[in-house]
Amino acid sequence: MSLELDQKCIDTIRFLAVDMVQKADSGHPGLPLGAAPMAYVLWNRHLKHNPLNPQWPDRDRFVLSAGHGSALLYALLFLYGYGLTLDDIRQFRQWDSKTPGHPERGLTPGVEVTTGPLGQGFGNAVGMAMAEAQLAARYNRDAYLLFDHYTYVLASDGDLMEGVASEAASLAGHLKLGRLIVLYDDNRVTLAGSTDVTFSENRIQRFNAYGWHTITVEDGNDLGAIDMAISQARREVARPSLIRVRTHIGFGSPEQDSYKVHGSALGEENVRKTKQKLGWPLEPAFLVPDDVFAHMRRVAERGREQERDWTQQLTEYRNHYPELFEELDTRLRAVLPEGWDADIPVFPPDEKGLATRESSGKVMNALAPRLPALVGGSADLDPSTKTALSAFGDFRPPRTGEAGEREPTIEHGDYTGRNIHFGVREHAMGAIVNGLAAHGGFIPYGATFLTFSDYMRPPIRLAALMGLHVVHVFTHDSLALGEDGPTHQPVEHLAALRAIPNAIVIRPADANETAVAWKIAVETRDRPVLLVLSRQKLPTLDRSRYAAAEGLRQGAYVLSDPPGGKPDLILIASGSEVPLILAAASRLSEAGVGVRCVSMPSHELFEALPQSERNQVLPPSIGARLALEMGVPQGWEKYVGPRGVMLGVTRFGASAPGEKVVQEYGFTVDRVCTAARSLLS
């Protein structure tokens, strides 16, 4: 291996990226020009991966948190043999391309997570490192190190500015995630100017305070120093590592060290000057020298050998630990174990009932023994969200000995625990849960109050974009939470979450609907499921009088019809408002009004039905429809129709006992009956 060939490989990466951006006349050439050396050293000398099987469970994970530098990642994936062609490289940022503007999971082989919103990839990587730690602690035995990989991140100044990265870094340091290594591309330039304008704290001291191991490489072109730093970080098992690499954005270009090279093509003249400066042929564009191509593909063969060794180890492990293997196999294949739902309780009728957060907690603890992949926690709210898995311990760092070895103790906890204490870090929680799901082997969940879903909207959106199987439990779902007042009473949040494509929002009406909602959350593999639950107790409906709770799978279903089955009016509600429409229907029926009551816990599940089935629940011939929900009316128009009415909330809440607030906002039987009579007249 010669320094000359090293440099040629690095320049190939650089100019593939430059040519991609120039041909598209769109993109970010600055980061690839500056960061190519550190990326090359990592991928060439350290990264454990098999391009022929990007899903190998024990591969190292590489997260380009600075997703705007996607051209760098695509060059690497092409050169190392991940199935991209030179034509794919030429189609950078074009319609139906495998090389979109920012990396997209599921579209390009080798892309672990969708990045672009800065800081999110950093948080995802913390989740991936936690996944490796939990799987290693649970399944590694004796000489069988089935999980022995690292998570690497390439992060920018912008990543470190974002609050989500700060939250995630704080937790990673606390958890002593020694297999997390962040390469910080310290080029001191952001989109709009120098970091001197906005970012003056000492980042090394900041990460030291988080409990990280920190290293500085003063010259981003010094391959030996970068190599040594990564090797040192790999040996530090008790702390995550931040390697600050001082680079020059747009290295070699006329706009080196300027914000102008961050997010725009260099232009033909500056491309020519950059190639001349770095000694690269002007033509042809997208040049890949034969010796570079051969060398980088040869390096990739190392990963194939490593996977073969791992597969042999797994075969031997199966013979020695058949039960553990069976459990692990179901997790890695993302299939549900036989009988996973056998212990989910059926709740008897009860006028007093349970808060749906309470019934959710009971269901979770019934699922947990049969579903080892279920791992998660809350943002410091377990006593309120009821999401602790009572028999499965806390995810905590094991005590380390003087030599740095992990020494698990029951008192101190260890990484086998399935309850994650995220702390008051909702934004990081969302990103970390995404990382657990993207890693594989988990059905991860997070939990907080519904109003604080605002903190989590970016990672929820990315989970939907990536099609990740994650579950979020949002409790304290309405004005009825009472005394905490408008800061904690969600009003617009249901509509905001329902607006996210490829996400499922479910707001169950009682304990048995909650049980079915959890079944759907576990079964749904290609999108996030958001469970919206009450703080206050709700009656457990008598299912001998009303339709079975399995109707929740339709998104909306007929709970009850009038005698004779010919309704004059349809009452529709979700969650805690369902008992209200049932009470109103009873009173209206005494006055001779035929009422159909519909529970509509999930708009998304309902919309997935064929129109003919939706018409069976909401017949077009019945225009008199009244919907109730303690939230903004937005989104209900299509269900009440042109003649219908929606009773919602159009202003913020108030601080008072919950029953008083609900009454003052008009969620009473009297108001529902008055509105129904007005509608019928």
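The values are calculated or read from the model by the stated rules, or taken from the named source; none is laboratory data. All values reported here derive from a predicted model rather than from experimental measurement. So basically every Cβ, Gly included, is an ideal-geometry build from the backbone, and we count neighbours across all protein chains shown. Quick note on the areas: whole protein, heavy atoms, side chains included, nothing else; ligands and nucleic acids left out. Shrake-Rupley method; radii C 1.70, N 1.55, O 1.52, S 1.80 Å.
Listed here are the residues, each with its yes/no results for (1) open to solvent by 40 Å² or more (accessible area, probe 1.4 Å); (2) in contact (Cβ under 8 Å) with a residue 12 or more places away in the chain.
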position: Leu626; (1), (2): no, yes
position: Gly631; (1), (2): no, yes
position: Gly641; (1), (2): no, yes
position: Gly644; (1), (2): no, yes
position: Arg651; (1), (2): yes, yes
position: Pro657; (1), (2): yes, yes
position: Gln663; (1), (2): yes, no
position: Asp670; (1), (2): yes, no
position: Thr674; (1), (2): yes, no
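Yes/no matrix, rows are residues, columns are (1) modelled with pLDDT under 95; (2) more than 19 Å from Ala165 (Cα to Cα); (3) surrounded by fewer than 17 Cβ atoms within 10 Å (Cβ to Cβ); (4) in contact with a Phe, Trp or Tyr (Cβ under 6 Å, 6 or more places away or on another chain):
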position	(1), (2), (3), (4)
Lys386	no, yes, no, no
Arg399	yes, yes, yes, no
Ala403	yes, yes, yes, no
Gly417	no, yes, no, yes
Phe422	no, no, no, no
Arg425	no, no, no, no
Asn434	no, no, no, no
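Taken together, the residues in the range 66-80 that are open to solvent by 10 Å² or more (accessible area, probe 1.4 Å) and either out of contact with any Leu (no Cβ under 8 Å at 6 or more places or on another chain) or of a type in the set (S, T, N, Q) (or both) amount to 0.
For the range 326-357, the set of residues classified as part of a helix (DSSP H, G or I) and surrounded by 19 or more Cβ atoms within 10 Å (Cβ to Cβ) consists of Leu328, Arg331, Thr356, Arg357, listed by residue number. Only one entry in Glu301, Glu307, Glu351 is in contact with a strand residue (DSSP E or B) (Cβ under 7 Å, 6 or more places away or on another chain) and more than 19 Å from Val516 (Cα to Cα), namely Glu351. Here Leu73 fulfils each of the conditions (1) assigned to a loop (DSSP other than H, G, I, E, B); (2) in contact with a strand residue (DSSP E or B) (Cβ under 7 Å, 6 or more places away or on another chain); (3) within 21 Å of His295 (Cα to Cα) apart from (1).
Rundown of residues vs (1) touching a helix residue (DSSP H, G or I) at 6+ places or on another chain (Cβ under 7 Å); (2) part of a loop (DSSP other than H, G, I, E, B), yes/no style:
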site: Ser253; (1), (2): yes, yes
site: Lys260; (1), (2): no, no
site: Val271; (1), (2): yes, no
site: Pro284; (1), (2): no, yes
site: Ala300; (1), (2): yes, no
site: Arg304; (1), (2): no, no
site: Arg308; (1), (2): no, no
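The range 505-617 holds helices (runs of 4 or more DSSP H) entirely within its bounds, and those carrying 2 or more residues that are acidic (Asp, Glu) and open to solvent by 20 Å² or more (accessible area, probe 1.4 Å) map to 603-607. The set of residues from the range 171-192 being open to solvent by 10 Å² or more (accessible area, probe 1.4 Å) and in a strand (DSSP E or B) comprises Val189, Thr190. Selection of the range 193-246 for residues being open to solvent by 30 Å² or more (accessible area, probe 1.4 Å), over 29 Å from Asp11 (Cβ atoms) and part of a loop (DSSP other than H, G, I, E, B) yields Thr198, Ser200, Glu201, Asn202, Glu236, Val237, Arg239.
Candidates Val41, Val63: the one that is modelled with pLDDT of 95 or more, assigned to a strand (DSSP E or B), open to solvent by less than 10 Å² (accessible area, probe 1.4 Å) and among the hydrophobic types (A, V, I, L, M, F, W, C) is Val63. The set of residues in the range 326-343 being more than 27 Å from the chain's Cα centre (by Cα) and either charged (D, E, K, R) or within 23 Å of Arg141 (Cβ to Cβ) (or both) consists of Asp343 alone.
State all residues of the range 81-109 that are surrounded by fewer than 21 Cβ atoms within 10 Å (Cβ to Cβ), touching a residue at least 12 places away in the same chain (Cβ under 8 Å) and either part of a helix (DSSP H, G or I) or within 18 Å of the chain's Cα centre (by Cα) (or both); if no residue qualifies, say none. The answer is Leu86, Asp88, Arg90, His102, Glu104, Arg105, Gly106.
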